[in-house]
1. With charges only on Cβ, +1 for K and R and -1 for D and E, what is the dipole size of the chain about its Cα centre, in debye, rounded to 20?
2. Starting from the eigenvalues of the Cα gyration tensor, five times each then square-rooted, give me the equivalent ellipsoid semi-axes of the range 274-331, largest first, whole Å.
3. To the nearest 0.05, how large is the calculated FRET efficiency for Lys361 and Lys112 if R₀ is 35 Å and r is the Cβ-Cβ distance?
4. With unit charges on the beta carbons (Lys and Arg positive, Asp and Glu negative) and the dipole taken about the Cα centre of the chain, which residue among Gly229, Thr199, Ser123 sits farthest to the positive side?
5. Can you tell me which aspartates and glutamates have their Cα less than 20 Å from the Cα of Lys112? Leave out same-chain residues fewer than eight positions away.
6. Mean-square fluctuation check for the chain, GNM, Cα pairs under 10 Å: which of Val194, Val213, Val130 is largest?
7. How much mean residue ellipticity at 222 nm does the chain get from its helices, if each DSSP H run of length 4 or more adds -39500 (n - 2.57) and you divide by all residues, to the nearest 500 deg cm²/dmol?
8. Among Lys26/Lys361; Lys150/Lys179; Lys179/Lys365; Lys26/Lys273; Lys179/Lys273, which pairs are too far apart, with a Cα-Cα distance over 26 Å?
Amino acid sequence: MGRTARRTYELDDISIVPSRRTRSSKDVSTAWQIDAYRFGAPILSHPTDALMSPDTAIELGRLGGLGVLNGEGLWARHRDADDKLAALRDVAENDPDPRAAVRFLQQLHAQKIDTGLLAEAVSRIRDAGVTAAVRVSPQHAAELTPSLIKAGVELLVVHGTIISAEHVADGGGDPLNLKTFIADLEVPVIAGGVHDHRTALHLMRTGAAGVIVGYGATEGSTTTNDVLGIGVPMATAIADAAAARRDYLDETGGRYVHVLADGDINTSGDLAKAIACGADAVVLGTPLASAASAPGGGWYWTPPAAHPDTPRGAMLQIATPDDRPTLEQIILGPSDDPFGELNLVGALRRSMAKAGYNDLKEFQKVGLSVRA
């Protein structure tokens, strides 16, 4: 009797309602631009070693998306990262102890970050002619960013399980104040994740170019309920952040901050509904893990799975070696899958066309219904 709770909705709880007109999918644009960087598809990768190596970041960039390299992952700690990932897969597949893979992942991340290795990876991506984006945690942002800037990073992603405008350091040290941190940088910053209107608005006021909504929730992520007791109903969270974007636009007289949805987006229908709720782009995790070129070899985990004392994510097998489509099939098709797991951009384009909209910002106005 002394507490109240808000009614909220997941993406599975809502549906898109077409308008009175339709149009040809050939007339629909899925292009998305943040700061000076334009992409053919509103898709970023979740920043995990399971999805992104320098090579797969390059591949995704050439397909119109944005690959985000984990600046605190294995590519920044081991020169033979491919061999370490192969050993990790072997443990996950063959050790009867279900916790063995997480322990091995923790051991791999116990190696110190080598900023020289990280700079090499960034340079490799940028030299290939695609946008170089790297994720750092709030705890290591100040330490790693100078090396990343020197290496030529073009988009910086400050990403944590839960992030605020001011991260208080361990032991009561100096906090990371995102407003002053971003003001001193010459590259745009994407920050997150958040889950409500107030926190999203606070992050927008730091000067971030984009705000990530959600905690990257997937079937294998235990952050949401099992470990921390925290959950993000994505449809509501995206809509709330979109409302914060509108309020901030009015507050500043026209500064637009992009909303990026990260979590529970597993099919092309989920992608379309996330945009319809107000997202400018989405951060994909498990849908990309099945790609033949994904470094995880069909396995998926999030960065918090490697936390040294409180791992918040299991290693999840998404695809077997014999059932791994190309990254191009996942993003652009062609598809022979009737369940929305391939040709994500083609399906988004068709959804927009069926609803009568020709670009992403217009599609954010589409009607929605809540399932009974």
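1. Approximately 1300 debye in magnitude.
2. 22, 20, 8
3. It comes to 0.20.
4. Thr199
5. Asp49, Glu72, Asp80, Asp82, Asp83, Glu120, Glu143, Asp170, Asp309
6. Per the Cα network of the chain with a 10 Å cutoff, Val130 tops the list.
7. Counting only the DSSP helices, I get -10000 deg cm²/dmol.
8. From Lys26/Lys361; Lys150/Lys179; Lys179/Lys365; Lys26/Lys273; Lys179/Lys273, over 26 Å: Lys179/Lys365; Lys179/Lys273.
Laboratory data are not the source of any read-out in this text; all were calculated from the coordinates shown. Here the structure is a predicted model, which means the values were calculated and not measured. Because the Cβ atoms are built from the backbone with ideal geometry, glycine has one as well, and the counts that use them run over all protein chains shown.
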